[in-house]
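The values are calculated or read from the model by the stated rules, or taken from the named source; none is laboratory data. Predicted, not measured: the structure shown is a model, and the values here were computed from it. Virtual Cβ from ideal backbone geometry, glycine too; neighbours counted across all protein chains shown.
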Amino acid sequence: MREVENRIKKIEWENQKVENRIGKIGNGIRKVEIRINIKMATKSFKDLIVWQKARDLAVTIYKLTDEFPKSEIYGLTSQMRRAVISISSNIAESYHRFHSKEKRQFLAIAFGSGSELESQIEISKVLFPTLKYEIAENILNEVMRILNNFLK
């Protein structure tokens, strides 16, 4: 019961971060726009759908790169694995930042790592055309779409 009360207090505290914007429209009619900053009642970054998808992407990329030739272990395999881990790691780190500029910066880094991975997948498709990239590409597109919406 105490945990529920604490969560309610936390949401109420977040609701106090309400900004009122008053502007004029047409012949003096006032328009009031209210923006409420409510942090979803999540316990961890693991509850974030974007992080869950990034985790699934990491597992998919690891399985995909296992099929690369062993000569690529220190090349493309290593690069792709580091890029995909960077996505989920930066999403997690952004969750624990208090200021919106910091959160945005870590999400932007995650987005950049996603772009890097996208480029590496395209190169891999040329070098190893017999492998199946569709699942990884679909998950990556979902993650990038969500991150892009956060960054707008």
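Look at Leu131 and say whether it is over 19 Å from Phe150 (Cβ atoms), in contact (Cβ under 8 Å) with a residue 12 or more places away in the chain and either outside any loop (DSSP other than H, G, I, E, B) or of a type outside the set (Asp, Glu) (or both). Please lay out each step first, then the result.
On the way: over 19 Å from Phe150 (Cβ atoms): yes; in contact (Cβ under 8 Å) with a residue 12 or more places away in the chain: yes; either outside any loop (DSSP other than H, G, I, E, B) or of a type outside the set (Asp, Glu) (or both): yes.
So Leu131 passes the test.
Is it true that Glu118 is in contact with a Ser or Thr (Cβ under 8 Å, 6 or more places away or on another chain), without any contact (Cβ under 8 Å) to a residue 40 or more places away in the chain, closer than 24 Å to Phe150 by Cα and among the charged types (D, E, K, R)? Let's see the steps before the verdict.
Working: in contact with a Ser or Thr (Cβ under 8 Å, 6 or more places away or on another chain): no; without any contact (Cβ under 8 Å) to a residue 40 or more places away in the chain: yes; closer than 24 Å to Phe150 by Cα: yes; among the charged types (D, E, K, R): yes.
No: the conditions fail for Glu118.
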Residues in the stretch 89-108: is at least one at negative phi, of a type in the set (Lys, Arg) and in contact (Cβ under 8 Å) with a residue 12 or more places away in the chain?
yes
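Regarding the stretch 82-98, can at least one residue be identified that is of a type outside the set (A, V, I, L, M, F, W, C), over 19 Å from Phe150 (Cα atoms) and surrounded by fewer than 17 Cβ atoms within 10 Å (Cβ to Cβ)?
Going through the stretch 82-98, the residues of a type outside the set (A, V, I, L, M, F, W, C) turn out to be 82, 86, 88-90, 93-97.
Now narrow it down to the ones that are over 19 Å from Phe150 (Cα atoms): 82.
Then keep just the ones that are surrounded by fewer than 17 Cβ atoms within 10 Å (Cβ to Cβ); that gives 82.
Scanning the stretch 82-98, I find at least one residue that is of a type outside the set (A, V, I, L, M, F, W, C), over 19 Å from Phe150 (Cα atoms) and surrounded by fewer than 17 Cβ atoms within 10 Å (Cβ to Cβ), so the answer is yes.
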Please identify the pairs in which a residue from the stretch 140-152 that is loosely packed, with under 12 Cβ neighbours inside 10 Å has its Cβ atom under 8 Å from the Cβ atom of a residue that is in a helix (DSSP H, G or I) and not polar (S, T, N, Q), counting only partners at least 6 apart or on another chain.
Leu151/Arg104; Leu151/Leu107; Leu151/Ala108; Leu151/Phe111
Looking at Phe68, Phe111, Phe98, can you tell me which residue is assigned to a helix (DSSP H, G or I), in the same structural domain as Asp56 (by TED's automatic domain parsing) and out of contact with any strand residue (DSSP E or B) (no Cβ under 6 Å at 6 or more places or on another chain)?
Phe111
In the stretch 41-64, residues that are at pLDDT 90 or above and more than 15 Å from Gln120 (Cβ to Cβ) total 14
